[in-house]
1. If amide hydrogens are placed 1.01 Å from N in the peptide plane, which non-local residues have theirs closer than 5 Å to the one on Gly108?
2. Please give the FRET efficiency for Leu99 paired with Gln13, using the beta carbon to beta carbon distance and R0 = 41 Å, rounded to the nearest 0.05.
3. For an R0 of 35 angstrom, estimate the FRET efficiency from the Cβ-Cβ distance between Phe27 and Ala60 and round to the nearest 0.05.
4. Within the accessible area of the chain, what % is carbon and sulfur when the probe is 1.4 Å and the other protein chains stay in place?
5. With every protein chain left in place, what is the accessible area per residue of region 42-115 in square angstrom, probe 1.4 Å?
6. Suppose every Lys and Arg Cβ carries +1 and every Asp and Glu Cβ carries -1, with no other charges. What dipole size does the chain come out with about its Cα centre, to the nearest 20 debye?
7. Among the DSSP beta bridges whose two residues both lie in the chain, what percent are antiparallel, rounded to the nearest 5?
8. Using θ = phi - 60° and the Karplus curve 6.51 cos²θ - 1.76 cosθ + 1.60, what whole-Hz ³J(HN,Hα) does each residue of region 75-88 get, with Gly and Pro shown as x?
Amino acid sequence: QVQLVESGGGLVQPGGSLRLSCAASGFIFSLYSMNWYRQAPGKERELVAAIHKGGSTNSADSVKGRFTISRDNAKNTVYLQMNSLKPEDTAVYYCNVYLGKEAYWGQGTQVTVSS
């Protein structure tokens, strides 16, 4: 079965950095685009960044220049490097993959940016 397991969240001060990881299993990782979403309290879940099977990437305007998505197909893992973190980046971050019309989600990892 498809499993997505996120790690790397935590509490960080404004301006700090974190790297999130998502270990995937149960499908042929290299063939699919992988996404990071986030959901802040009281807000809708939003797409943060995506990386396609060829390695091209997209990211939300709010994180451009600060967040970088990458993947290691040998390890079936997708990463989100987050730099220059701001309080408004505080959210639960989710790893996601769409296999056809079916969406799969990890359990989420909390990122809190606060002094």
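The values are calculated or read from the model by the stated rules, or taken from the named source; none is laboratory data. None of these values were measured; they are calculated from a predicted model. Positions of Cβ are backbone-derived with ideal geometry, glycine not excepted, and every protein chain shown enters the neighbour counts. Please note that ligands, DNA and RNA were not included when accessible areas were found on the heavy atoms of the full protein model with its side chains. Shrake-Rupley method; radii C 1.70, N 1.55, O 1.52, S 1.80 Å.
1. Glu6, Cys95
2. Once rounded, the FRET efficiency stands at 0.60.
3. With R0 = 35 Å, the Cβ-Cβ based efficiency is 0.90.
4. Of the solvent-accessible surface of the chain, carbon and sulfur hold 48 percent.
5. 55
6. 160
7. On the way: 37 of 40 bridges.
Looking only at bridges with both residues in the chain, the antiparallel portion is about 90 percent.
8. Result, rounded to whole Hz: 9, 6, 9, 10, 10, 9, 8, 10, 10, 6, 5, 10, x, 6.
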